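Asks: This structure is in structure tokens; I'll ask about it shortly.
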Amino acid sequence: MDRRTEIRDFLTTRRARVTPEQAGLKLSPLEGTRRVPGLRREEVALLAGVSVPYYTRLERGDARGATNAVLDAIARALQLDDAERAHLFDLVRAANATAADARTPRHPSRRTLRPELWNMLEAMSGVPAYIRNGRLDLLAGNAFARALFAPVFDSPARPLNSARFTFLDPAAAEFYPDWDAVADQNVATLRAEVGRNPYDKALSDLIGELSTRGDTFRQRWARHEVRRHRAGAKRLNHPLVGQLTINYETMELAADEGLSLIVCGVAPGSRDADALNLLASWNATEATRPAPRT
């Protein structure tokens with residue numbers, strides 16, 4: 001993935017979505033019809049307090065000399081949220097990386113989980129819990145998680161990955177009643193990971209695979225949406241207990257850079273809780289085991 005192109009496309013798509021009215025700019029009634037859907041480059045430069053040539057150069061992907069203060073000003077002008085601002089900084093960092101940086105990923109693309117992590121998952125037998133990396137590979141799950149997300153863990157789409165299941169396995173549309181929202185979330189998560197870890201070959205291969213095997217991923221990828229999904233709710237249509245809504249919390253593992261622990265739950269006393277309890281009783285004897293590897 002070309003770093004200059006990534007910066008150009010990200011800034012262009014962010015600029016296109018902010019109208020002059022949203023930016024607080026007053027337009028002359030004599031201006032007539034605008035040829036661009038959002039802000040013009042000179043308007044972004046004005047709002048950010050930089051010269052038009054400087055912003056134009058940056059939007060074309062030339063990030064040489066871009067300071068944190070300038071990037072912050074541009075982020076404010078484009079009304080970027082926290083995830084988008086972090087992504088902009090990541091893209092600029094990658095564009096300005098040295099050759100040595102390019103040979104040293106921020107965290108390994110593959111790793112063996114520490115025994116302590118397996119023990120932790122096994123101890124969390126009362127809640128569905130699993131571990132994934134930034135490119136959405138499912139690395140491990142306790143018995144409860146494997147039961148709750150059985151269509152994902154049992155998917156023939158390999159290696160085991162949430163985005164690969166969502167876009168390549170026909171069972172995903174049935175398992176996720178809100179498939180479009182899940183698909184958008186997966187793409188936005190992978191977009192953010194590209195900025196954080198641009199030299200991960202496995203990540204590049206995954207994006208290439210998903211892009212070449214259907215338009216649904218490719219169209220979403222072109223939007224350059226970036227979001228953080230650290231907590232939320234997700235509806236599932238489970239093959240055994242039917243529809244239920246789970247809440248999830250994502251926690252980064254401080255001692256294992258790039259890995260996250262996701263813990264799921266439901267509201268106590270709800271129908272969702274009854275369904276989850278029923279699922280737990282059916283799977284009480286299944287031991288925690290690693291995700292299948294190919």
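The values are calculated or read from the model by the stated rules, or taken from the named source; none is laboratory data. Since the structure is predicted, the reported quantities are computational estimates derived from the model, not experimental observations. All Cβ positions, even for glycine, are placed from backbone atoms using ideal geometry, and neighbour counts span all protein chains on display.
Asks: Could you list, in sequence order, the residues of the stretch 241-258 that are of a type in the set (A, V, I, L, M, F, W, C) and out of contact with any helix residue (DSSP H, G or I) (no Cβ under 8 Å at 6 or more places or on another chain)?
Replies: M251, A254, A255, listed by residue number.
Asks: In addition: Among the residues of the stretch 173-182, write down those that are part of a helix (DSSP H, G or I) and either surrounded by fewer than 20 Cβ atoms within 10 Å (Cβ to Cβ) or over 13 Å from the mean Cα position of the chain (by Cα) (or both).
Replies: A173, E174, F175, W179, D180, A181
Asks: Can you tell me which of R191, R146 is assigned by TED's automatic domain parsing to the domain that holds R271, crowded, with 16+ Cβ neighbours inside 10 Å, of a type in the set (K, R) and over 26 Å from W118 (Cα atoms)?
Replies: R191
Yes/no matrix, rows are residues, columns are (1) in contact with a strand residue (DSSP E or B) (Cβ under 7 Å, 6 or more places away or on another chain); (2) touching a residue at least 40 places away in the same chain (Cβ under 8 Å); (3) outside any loop (DSSP other than H, G, I, E, B):
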site: L121; (1), (2), (3): yes, yes, yes
site: R132; (1), (2), (3): yes, yes, yes
site: L139; (1), (2), (3): yes, yes, yes
site: A147; (1), (2), (3): no, yes, yes
site: P151; (1), (2), (3): no, yes, yes
site: A157; (1), (2), (3): no, no, no
site: A163; (1), (2), (3): no, yes, yes
site: T166; (1), (2), (3): no, no, yes
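Asks: Please go through the stretch 208-237 and give me each residue that is closer than 22 Å to R158 by Cα and either assigned to a loop (DSSP other than H, G, I, E, B) or without any contact (Cβ under 8 Å) to a residue 40 or more places away in the chain (or both), ordered by number.
Replies: The answer is G208, S211, T212, R213, G214, D215, R218, R220, W221.
Asks: Which of the residues that make up the stretch 219-240 are basic (K, R) and surrounded by 14 or more Cβ atoms within 10 Å (Cβ to Cβ)?
Replies: Those that are basic (K, R) and surrounded by 14 or more Cβ atoms within 10 Å (Cβ to Cβ): R220, R223, R227, R228, K234, R235.
Asks: Of a type outside the set (S, T, N, Q), more than 26 Å from A280 (Cβ to Cβ) and more than 19 Å from the chain's Cα centre (by Cα): which single residue out of P170, P151, P198 fits that description?
Replies: The unique qualifying residue is P170.
Asks: Using the structure shown, decide if Q185 is buried (at least 16 other Cβ atoms within 10 Å of the Cβ), on the phi < 0 side of the Ramachandran plot and modelled with pLDDT of 95 or more.
Replies: Answer is yes for this residue.
Asks: Consider E21 carefully, then state whether it is in contact with a Phe, Trp or Tyr (Cβ under 9 Å, 6 or more places away or on another chain) and among the acidic types (D, E).
Replies: No: the conditions fail for E21.
Asks: Does D137 fit the bill of being surrounded by 19 or more Cβ atoms within 10 Å (Cβ to Cβ) and either at pLDDT 95 or above or not assigned by TED's automatic domain parsing to the domain that holds P20 (or both)?
Replies: yes
Asks: So which residues in the stretch 17-60 are among the β-branched types (V, I, T) and at pLDDT below 95?
Replies: Listed by number, the residues that qualify are T19, T33, V36.
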